[in-house]
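Below is one structure, written out as structure tokens; comments come after it.
The values are calculated or read from the model by the stated rules, or taken from the named source; none is laboratory data. This structure is a prediction, so every number in the text was calculated from the model and none was measured. When we count neighbours, we look across all protein chains shown, and the Cβ atoms used for this are built from the backbone with ideal geometry, even at glycine. Accessible surface areas use protein heavy atoms only, side chains included; no ligands, DNA or RNA. Shrake-Rupley method; radii C 1.70, N 1.55, O 1.52, S 1.80 Å.
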Amino acid sequence: FNDGFKFEAEASAPKITTVTSIGNTVFVLTDLELYRLHSGRWEELPIEPPNTFDSFDSLAVSGNDLYVAACHDYSRMKIKPSELKIDDAEVKVHLESIKSGKTRWTLFRSTDLGNSWVEITPQNAPFAMRQAIDIKLIAADETLLVAGGRHGMRSRDDGQTWTALGEIPYTPSYTPAAGINDNTFYAGKYEVYRTTDGGESWHPFMRGMIGTGMRNLVAFKNALYVHNDRKIVKS
């Protein structure tokens with residue numbers, strides 16, 4: 001089921017990180033591209049990030065809204081400025097951007113199944129949040145949570161305005177997560193945490209669960225399902 005994937009014949013294929021859908025339209029995110037299934041074939045959706053060194057960290061869906069988090073490719077940022085070649089001018093620009101404290105990641109929103117995109121990156125993010133990498137998105141109703149390590153931000157209006165959150169559980173991009181409504185979210189890699197106030201506070205949600213290492217969290221018909229390393233449990 002790989003027709004249309006550019007990397008299907010390559011030995012070092014990018015990792016598929018998220019599979020989700022809006023209605024009957026299926027989307028797949030890799031660390032390098034976003035794809036949409038159309039007539040049995042995958043088509044790449046151009047998002048046109050602000051520079052050519054972006055990779056994709058996270059994909060989230062709420063209703064008809066599609067959200068994507070893009071970050072710089074920091075494998076190229078490890079080079080010292082003195083070692084850069086003349087044709088690496090764009091990398092130099094990124095290094096200067098990092099030094100200036102500009103946001104290292106960019107958020108995009110689409111309301112038409114990925115045909116067009118609007119940037120919704122917070123302009124009021126605290127310095128620690130601006131410098132975060134490995135961004136995780138969790139969406140429910142009109143609320144969008146953005147996590148970067150132990151820092152986070154929240155939007156109640158689909159990304160138009162933002163509020164900085166206090167310290168949150170460590171939530172890298174690969175963390176399983178689920179949004180229930182505007183206030184209730186679950187996330188966790190080794191422990192499941194729950195917030196009932198839109199990310200303001202979090203508490204462990206592990207009672208009755210034996211074992212750690214969460215692989216997925218799914219909210220379905222008023223129940224929460226957790227797949228850990230050995231079994232599936234339901235709340």
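Of note:
Here is a yes/no grid of residues against (1) loosely packed, with under 12 Cβ neighbours inside 10 Å; (2) at pLDDT below 95:
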{"residue": "THR30", "(1), (2)": "no, yes"}
{"residue": "GLU33", "(1), (2)": "no, yes"}
{"residue": "ARG36", "(1), (2)": "no, no"}
{"residue": "GLU44", "(1), (2)": "no, yes"}
{"residue": "THR52", "(1), (2)": "yes, yes"}
{"residue": "SER55", "(1), (2)": "no, yes"}
{"residue": "ALA70", "(1), (2)": "no, yes"}
{"residue": "TYR74", "(1), (2)": "no, yes"}
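- Cross-chain or 6+ apart pairs with Cβ under 8 Å, the stretch 220-235 first and basic (Lys, Arg), then open to solvent by less than 90 Å² (accessible area, probe 1.4 Å): ARG230/GLY211; LYS231/GLY211; LYS234/ALA223; LYS234/LEU224; LYS234/TYR225; LYS234/VAL226
- Annotation note: of ARG150, ARG230, the sole residue that is open to solvent by 80 Å² or more (accessible area, probe 1.4 Å), under 24 Å from VAL68 (Cβ atoms) and basic (Lys, Arg) is ARG150.
- Considering the stretch 136-176, and only residues there that are in contact with a Pro (Cβ under 9 Å, 6 or more places away or on another chain), among the hydrophobic types (A, V, I, L, M, F, W, C) and not in a loop (DSSP other than H, G, I, E, B), the residue that is farthest from SER62 (Cα to Cα) turns out to be ALA164.
- Taking every residue in the stretch 134-158 that is without any contact (Cβ under 8 Å) to a residue 40 or more places away in the chain and pairing it with any residue that is hydroxyl-bearing (Ser, Thr, Tyr), at least 6 positions away or on another chain, the pairs with Cβ-Cβ distances below 8 Å are GLY149/TYR170; GLY149/THR171; ARG150/TYR170; ARG150/THR171; MET153/THR163; SER155/THR143; SER155/THR161; SER155/THR163.
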